[in-house]
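Asks: Next up is a structure, given as structure tokens.
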Amino acid sequence: MSNSDWRGPPNHPAVTLADVPQRVREAFMRRRRVGAAGECWPYGKNHGYGNVQWTDDAGIKRRISAHRLAHMLRHMTDLPAGALVLHSCDNPACCNWRHLRVGTHRENQMDAVARGRWTYTPPTRPRTYCDPVQHGASIEA
């Protein structure tokens, strides 16, 4: 990863179970696919992170990642600000609570390195540094 690709740690706000209406929780539990204990239980139609979306009483659209909601519902716990829900299976769509744990951005990066998911992509062009003379600046102090 080059410096130009670095976006910093994800900004996950604190989430409480009270933020997710009961009707949304029940709909999620009905729609999720449940398999054997060791299998992944994907949620959603794509191969990325599944999302649960709803409109609150004020008409504002809300969304939470399915794996984050699955962890919260299984453990009946809230997620503090900055907390990530990590996958031991490396499957972003998985909502099997046995594959999920709360962790930090650093732990997520270390998991990626340990499992060979972290790849370095060199810059497409060499880094250039500003030449003050080229931009009309005087060399004299």
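Coordinate-derived values only; no laboratory data. What you are looking at is a predicted structure, and each value in this text was computed from that prediction instead of being measured. Please note: Cβ atoms are built from the backbone with ideal geometry, for glycine as well, and neighbour counts cover all protein chains shown.
Asks: What number, in percent, do you get for the relative contact order of segment 3-114 if the mean sequence gap of Cα pairs under 8 Å and at least 6 apart is divided by its residue count?
Replies: Worked out over segment 3-114, it gives 30 percent.
Asks: OK, next. Which residue, Ala66, Cys89, Ala112, has the largest displacement toward the positive end of the dipole of segment 3-114 when charges sit on each Cβ (Lys, Arg +1; Asp, Glu -1)?
Replies: Ranked along the dipole, the leading option is Ala66.
Asks: Can you give the local net charge around Ala18? Use residues other than it whose beta-carbon is closer than 14 angstrom to its beta-carbon, Lys and Arg +1, Asp and Glu -1. Numbers along the way, then the final one.
Replies: On the way: positive: Arg23, Arg25, Arg62; negative: Asp19, Asp56, Asp57, Asp78.
It works out to a net charge of -1.
Asks: Moving to a separate point now. Hey, can you rank 16-28, 105-117, 64-76 by average C-beta count inside 10 Å, highest first?
Replies: With the highest mean Cβ count within 10 Å placed first, the list reads 64-76, 16-28, 105-117.
Asks: Taking all pairs of distinct Cα atoms, average 1/r, flip it, and tell me the Kirkwood hydrodynamic radius of segment 3-114 in Å to one decimal place.
Replies: In segment 3-114 this quantity evaluates to 14.9 Å.
Asks: Which net charge results when you count Lys and Arg as +1 and Asp and Glu as -1 among the other residues whose beta-carbon is under 11 Å from that of Pro42?
Replies: Surrounding charge for Pro42 is +2.
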